[in-house]
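Data block below; observations after.
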């Protein structure tokens, strides 16, 4: 079975939706790898859908998918996506080597952002999320400022861009990239074909 990588950013509501089902849809759990989508957007000059006329329809689609999946109502933080953006939650996740713990903390951060509607640009929101997930608040506060953690997130983002990742969520299966919450099934099928072949 080929390995898969789940690339995501905690500021993305589509990544939030994908994070709640990617492990169950793929035949093998992927590696969860946080990246700074805001950096990628600036680097390649991409205009995200949230800055276009598609914003309202995109938000409506997110709400529809959440409702269909029995999830709580999606609450978009005021000022999203720009004023809610921060590298702090991504650095907090980069601190965590254990993939299972990274999943737990990621989902807690997503819940804070898109269920509570609390922007992760507020450091206390990040620390509250981490603490609820079992991390030491003071260690996270200190850790996200460590140069090696900042470098690790930068390196992960650079590597994702070099691989061709230009949006989140993206699942990489070998050389294939599947961008979007609606492409998880395609990623699962690609993994199954690779395994069978």
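Computed from the coordinates by the stated procedures, all read-outs in this text should not be read as laboratory data. Every value quoted in this text rests on a predicted model; they were computed, and no experiment measured them. Because the Cβ atoms are built from the backbone with ideal geometry, glycine has one as well, and the counts that use them run over all protein chains shown.
General remarks:
- Reported count of residues in the stretch 46-67, each being within 12 Å of residue 167 (Cα to Cα) and either without any contact (Cβ under 8 Å) to a residue 12 or more places away in the chain or not in a loop (DSSP other than H, G, I, E, B) (or both), is 2.
- If you go through the stretch 139-164 and pick out every residue that is assigned to a loop (DSSP other than H, G, I, E, B), in contact with a helix residue (DSSP H, G or I) (Cβ under 9 Å, 6 or more places away or on another chain) and surrounded by fewer than 22 Cβ atoms within 10 Å (Cβ to Cβ), you end up with 2.
- Candidates are the residues of the stretch 174-189 that are more than 14 Å from residue 23 (Cα to Cα) and in contact (Cβ under 8 Å) with a residue 24 or more places away in the chain; the one that is surrounded by the fewest Cβ atoms within 10 Å (Cβ to Cβ) is 174.
- Residue 70 falls short on exactly one of the conditions (1) without any contact (Cβ under 8 Å) to a residue 12 or more places away in the chain; (2) under 28 Å from residue 43 (Cα atoms); (3) part of a loop (DSSP other than H, G, I, E, B), and that condition is (2).
- For the stretch 24-45, the set of residues classified as assigned to a helix (DSSP H, G or I), more than 20 Å from residue 89 (Cα to Cα) and in contact with a helix residue (DSSP H, G or I) (Cβ under 7 Å, 6 or more places away or on another chain) consists of 25, 43, listed by residue number.
- Checking each residue in the stretch 46-78 for being closer than 12 Å to residue 20 by Cβ and exposed (fewer than 12 other Cβ atoms within 10 Å of the Cβ) picks out 69, 70, 72.
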